[in-house]
1. Please work out if VAL33 is of a type in the set (Val, Ile, Thr), crowded, with 18+ Cβ neighbours inside 10 Å and touching a Gly at 6+ places or on another chain (Cβ under 9 Å).
2. Do we find a residue being outside any helix (DSSP H, G or I) and without any contact (Cβ under 8 Å) to a residue 24 or more places away in the chain anywhere in region 211-231?
3. Could you figure out which of (1) within 15 Å of the chain's Cα centre (by Cα); (2) of a type outside the set (Gly, Ala, Ser); (3) under 16 Å from PHE330 (Cβ atoms) isn't true of ILE240?
4. Working only within region 252-294, note down all residues that are in contact with a strand residue (DSSP E or B) (Cβ under 8 Å, 6 or more places away or on another chain) and part of a helix (DSSP H, G or I).
5. I'd like to check which strands (runs of 3 or more DSSP E) are fully inside region 295-386 and have at least 1 residues that are of a type in the set (Asp, Glu) and loosely packed, with under 15 Cβ neighbours inside 10 Å.
6. Would region 212-229 turn up any residue that is closer than 23 Å to ASP142 by Cβ, at pLDDT 95 or above and not hydrophobic (A, V, I, L, M, F, W, C)?
7. List pairs: first in region 68-88 and at negative phi and at pLDDT below 95, second surrounded by fewer than 18 Cβ atoms within 10 Å (Cβ to Cβ) and not small (Gly, Ala, Ser), Cβ under 7 Å, 6+ apart or cross-chain?
8. Residues in region 11-21: is at least one under 21 Å from the mean Cα position of the chain (by Cα) and either of a type outside the set (S, T, N, Q) or not in a helix (DSSP H, G or I) (or both)?
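The values are calculated or read from the model by the stated rules, or taken from the named source; none is laboratory data. In this text, all values refer to a predicted model and were calculated from it rather than measured experimentally. A quick note on method: Cβ atoms are made from the backbone with ideal geometry, for glycine too, and the neighbour counts reach across all protein chains shown. Side chains included, ligands, DNA and RNA excluded: accessible areas come from the protein's heavy atoms. Shrake-Rupley method; radii C 1.70, N 1.55, O 1.52, S 1.80 Å.
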Amino acid sequence: MAEKFPISIWNYNNLDDFTSDEVNVWADCGLTVTMTPKIVYGKDDPKKIIPFLDVAEKRGIKLIAYVIGLESEFIRELGLDGYKARFSEVYSIIKHPALYGFFIGDEPSTKEAFEDSVNCVKFQKETAPELTPYLNLHTDMDATEPELLGGKTFRQWLKDFAKDTGFSLFSYGHYDQVWDENGVDSYFRNLKALVSAANDAGVDCWNTQLSSAHYMFRIPNGYETLWQITTAAACGSRGINWFRFYDRSIGPNYHGSPIDEYGNKTPLYYDMLRANRRFNDQYGEIIMRSKLKATYFTRKTYGGYDLFTSLVHPIIKEVISTEQAIVSFFEDKTDGSEYLCIVNASMDKPGVFRPGFDREKYSLTEIMLNGKEEAPYTLGESLAHWDGQWLYPGQMNMFRIEHKASTAEKAPRAIWSN
């Protein structure tokens, strides 16, 4: 089965709040790697999560076990031997094909917390090498004081973390993109920095995106929900974790989540369903088997990304006009194919993407349904006659860049610099 783009949720409910039927609610919404409700060690019987895992396996999704008592902080409380015994006990009970990994911590902020995270991952990977420990970090990790990371920069710490333990995934949260324009710039700035650090270390970076209004953050609409997936994927994110899925009566300022505190599905549930499933049905598998080579912004740059010009790739001859968009280039790791990916970077305005292409040396093939359907993209007889790609807010389109046979030797591949 082809790998889907991971889409998860933060789940703060208690285990007894649900039956295993809730897994169908997650799967129907297009979630692919979902956090379980909280399992409290010493209070909840871990066996109760097995029916959840059984349904998840049938629906083709994975679950991250959220066990209170197995986060990395308990290494210091229990001692390493005590923690190993507790983890081995729970793991032996719930080991399952649908188990993705265990949640180990959220935003470590002390030297001890970072050390515990490393030790936790190391032990879990030695005991359960098939699993992926899940750690959530801060946004601006490059600003972390070296003294908290053993005297290392974040990037060096992350490289060593991956090399020494098999660590392969972190996420981070950022919500200002559904606040104001400055928040959008901050969103892309953090995305650029953390994806770059992850790529250097050979690990995956996920975004925790907003789906629960609170403080100054508004309830995202359907366009904004899809925008948060497509912009992240176009900039190199390897997964999404939505914050949050359930409203709870004890947090009244948090509202508008996909499911309210009474168990009702809100309009956002259906907006999220369409966004999650539409993205994976169209492009999720291509994104997961491809490597990001470069990302640009048209019209106005955000987050320190470079401006899209006619110099970014040999296929581009000129930029005639275009609205606010992200333009990324990917390379398929299975066959070396080059992809042109465009996303309307506006949350509320439709836009047109209209560059001029070198038609003598290249052609474009539009990719749909992860390559199950594709069609030669007609550029028109002249630049003046081509209307370009019209995209609704947050829409992504992908094209395979083809080198024409008669000029294949003369058609250069791009040499990427960013």
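1. The answer is yes for VAL33.
2. no
3. (3)
4. Passing the criteria: TYR269, MET272, ASN276, PHE279, ASN280, GLN282, TYR283, ILE286, ILE287.
5. Output list reads 316-322, 373-376.
6. Looking for residues that are closer than 23 Å to ASP142 by Cβ, at pLDDT 95 or above and not hydrophobic (A, V, I, L, M, F, W, C), one finds at least one in region 212-229, hence yes.
7. ARG76/GLU112; LEU80/ASN119
8. The answer is yes, given that some residue of region 11-21 is under 21 Å from the mean Cα position of the chain (by Cα) and either of a type outside the set (S, T, N, Q) or not in a helix (DSSP H, G or I) (or both).
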